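This report concerns only the one structure given below.
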Amino acid sequence: MTNHPQQPGKYDAVLGGQNQTSEFAAVLGGIEGVKLRLSNPDPQVRIASLQQALKYGEMGLDLVIQALDDESEEVKDVAYGLLETRTEAKVKEALIIFDNAQLLKSAVGMDYRKLRDLLKAVIKYTNK
């Protein structure tokens with residue numbers, strides 16, 4: 001790993017275009033390559049990138065934490081699995097927030113987080 005994880009390394013391939021790549025294609029290396037793969041519409045490509053993200057220190061860890069908000073439940077599950085044994089305070093906080101958010105989903109998939117946030121805002125406003 002280089003001193004600048006956000007830059008391609010000596011042997012990394014650099015993409016010239018913005019085309020989406022398949023799961024097994026050679027792509028830009030380093031943290032930028034991981035970010036590119038995490039933006040891929042295919043959840044399997046995003047999942048494959050999560051483990052790689054952890055190789056890039058804090059920046060990679062932040063990407064895995066962000067994956068807890070992914071649209072794919074499978075991506076969220078993999079991100080959670082990668083984070084659950086970590087001891088960093090920001091990881092523990094992110095997992096608590098994630099767990100609390102999961103409790104706010106109904107049996108039919110309704111997400112009540114927005115309602116919770118609006119109620120908090122009303123309570124905060126009325127307590128002024």
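Worth a mention:
- The set of residues in region 51-60 that are of a type outside the set (Ser, Thr, Tyr) and either more than 12 Å from the chain's Cα centre (by Cα) or closer than 11 Å to Ile31 by Cα (or both) comprises Gln52, Ala53, Leu54, Lys55, Gly57, Glu58, Met59, Gly60.
- Counting the residues of region 81-98 that are of a type outside the set (A, V, I, L, M) and closer than 11 Å to Leu68 by Cα gives 2.
- Yes/no for Val78 being of a type in the set (Val, Ile, Thr), modelled with pLDDT of 75 or more and within 23 Å of Gln44 (Cβ to Cβ): yes
- Test for Tyr112: is it surrounded by 11 or more Cβ atoms within 10 Å (Cβ to Cβ) and of a type in the set (Phe, Trp, Tyr): yes
The values are calculated or read from the model by the stated rules, or taken from the named source; none is laboratory data. Note that the structure is predicted; figures quoted are calculated from it, not measured. Ideal geometry is used to build each Cβ from the backbone, glycine not excepted, and the neighbour counts take in all protein chains shown.
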